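A.B. asks: Below you'll find the structure I mean.
Please treat every number below as a calculation from the coordinates, not as lab data. Since the structure is predicted, the reported quantities are computational estimates derived from the model, not experimental observations. FYI the Cβ positions are ideal-geometry reconstructions off the backbone, even for glycines, and counts take in every protein chain you see.
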Amino acid sequence: MQVNFWELVKTTEPVALTVRGLLIIFSLISWTIIFSKAGMFRKARNANLRFLRAFRKSARLDAVAAATEQFRAAPLATVFDFGYSEVARQIQARARISNMVAVERTLQLGMSEEVTRLERNMNWLATTATVTPFIGLFGTVIGIIEAFQMLAISGSTSMRAVGPGIADALLATALGLAAAIPAAVAYNYFGHRIKEMGARMEDFSLEFLNLTERNFEG
């Protein structure tokens with residue numbers, strides 16, 4: 001039995017069309033986020049590597065600070081800016097580092113800000129992965145109910161009469177899964193990347209503190 005897709009669209013009830021439209025919107029937004037975040041993580045990783053090389057080659061914080069504009073995409077550069085601003089404030093006030101705990105806290109603030117930026121729109125992917133299968137299932141249930149109602153009205157017992165309606169209903173489940181599966185995979189993948197970058201920022205903060213101590217203590 002062949003089912004014409006455009007005939008299904010023309011004969012679909014408003015509720016089913018709404019469900020389909022909603023699932024398509026979820027999917028389009030999710031894919032936009034996926035491509036955007038994939039590009040962002042790639043740039044952040046490359047910029048982090050370049051910034052870290054420059055940081056480790058330098059013996060002084062002020063030399064690194066002068067070059068941070070070249071690494072705006074690097075989360076490590078943001079963490080550095082936070083830490084350096086606190087170091088510069090203390091040096092300007094007392095000509096020495098008087099409170100290393102404050103420097104550590106400022107570095108933590110920088111890490112928190114970067115993690116928040118990296119996590120932006122992750123909640124949409126999580127919502128899509130969780131909700132769209134149920135929206136699709138709802139559309140399928142409504143479609144099957146309508147198909148059997150039409151079967152009762154027509155008085156026919158042939159599968160030819162009910163087949164197009166059931167196929168139409170199952171399309172909602174397929175759309176729901178098509179939206180949910182990429183979103184779930186992307187959410188887990190990006191979540192892992194965020195944890196990795198968070199660990200790199202933690203390690204970098206230790207390197208920053210070490211360089212600070214070498215520059216301004218003893």
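A.B. asks: What's the percent breakdown of Cα-Cα distances in the chain across 10 Å bins, shortest bin first?
C.D. replies: 8, 25, 19, 14, 12, 10, 8, 4, 1, 0
A.B. asks: If we count every other residue with Cβ under 10 angstrom of residue 78's Cβ, Lys/Arg +1 and Asp/Glu -1, where does the sum land?
C.D. replies: Taking every Cβ under 10 Å from that of residue 78, the sum is -1.
A.B. asks: Further, regarding this structure: Using a Cα-Cα cut-off of under 13 Å, which aspartates and glutamates could be cross-linked to residue 57, ignoring same-chain neighbours fewer than 8 residues away?
C.D. replies: Output for residue 57: 207.
A.B. asks: Dipole size in debye (nearest 20) for segment 5-213 around its Cα centre, Lys and Arg Cβ +1, Asp and Glu Cβ -1?
C.D. replies: With only Lys, Arg, Asp and Glu charged at Cβ, the dipole is about 720 debye.
A.B. asks: Also, quick follow-up: What FRET efficiency would be calculated for the residue pair residue 100, residue 18, taking the C-beta separation as r and a Förster radius of 41 Å, to the nearest 0.05?
C.D. replies: On the way: r = 59 Å, r/R0 = 1.43.
Calculated transfer efficiency: 0.10.
A.B. asks: Still on this structure, I have one more. Please compute the length gained on full extension between residue 134 and residue 81, using 0.36 nm multiplied by the number of residues separating them and subtracting their Cα-Cα distance.
C.D. replies: So the chain would gain 14.6 nm between residue 134 and residue 81.
A.B. asks: Rounded to the nearest 10 degrees, what's the angle between the helix 100-118 long axis and the longest principal axis of the chain, both from Cα atoms, 0 to 90?
C.D. replies: Between the helix axis and the principal axis of the chain, the angle is about 20 degrees.
A.B. asks: Let me ask you something else. Would you mind telling me which residue in 179, 126, 67 has the biggest mean-square fluctuation in a Gaussian network model of the chain, where springs connect alpha carbons within a distance under 10 angstrom?
C.D. replies: 67
A.B. asks: Still on this model: What does the net charge come to around residue 67 if you take all other residues with beta carbon closer than 15 Å to its beta carbon, with K and R at +1 and D and E at -1?
C.D. replies: Result for the local shell: +3.
A.B. asks: While we're here: Could you work out how far helix 159-216 tilts from the main Cα principal axis of the chain, as a 0 to 90 degree angle to the nearest 10?
C.D. replies: With both axes taken from Cα atoms, the answer is about 0 degrees.
A.B. asks: Residue 59 to residue 207: extension gain in nm, 0.36 nm per residue of separation minus the Cα-Cα distance?
C.D. replies: Between residue 59 and residue 207, full extension yields 52.1 nm more.
A.B. asks: Can you tell which of 59, 129, 38 shows the greatest fluctuation in a Gaussian network model of the chain with Cα springs below 10 Å?
C.D. replies: 59
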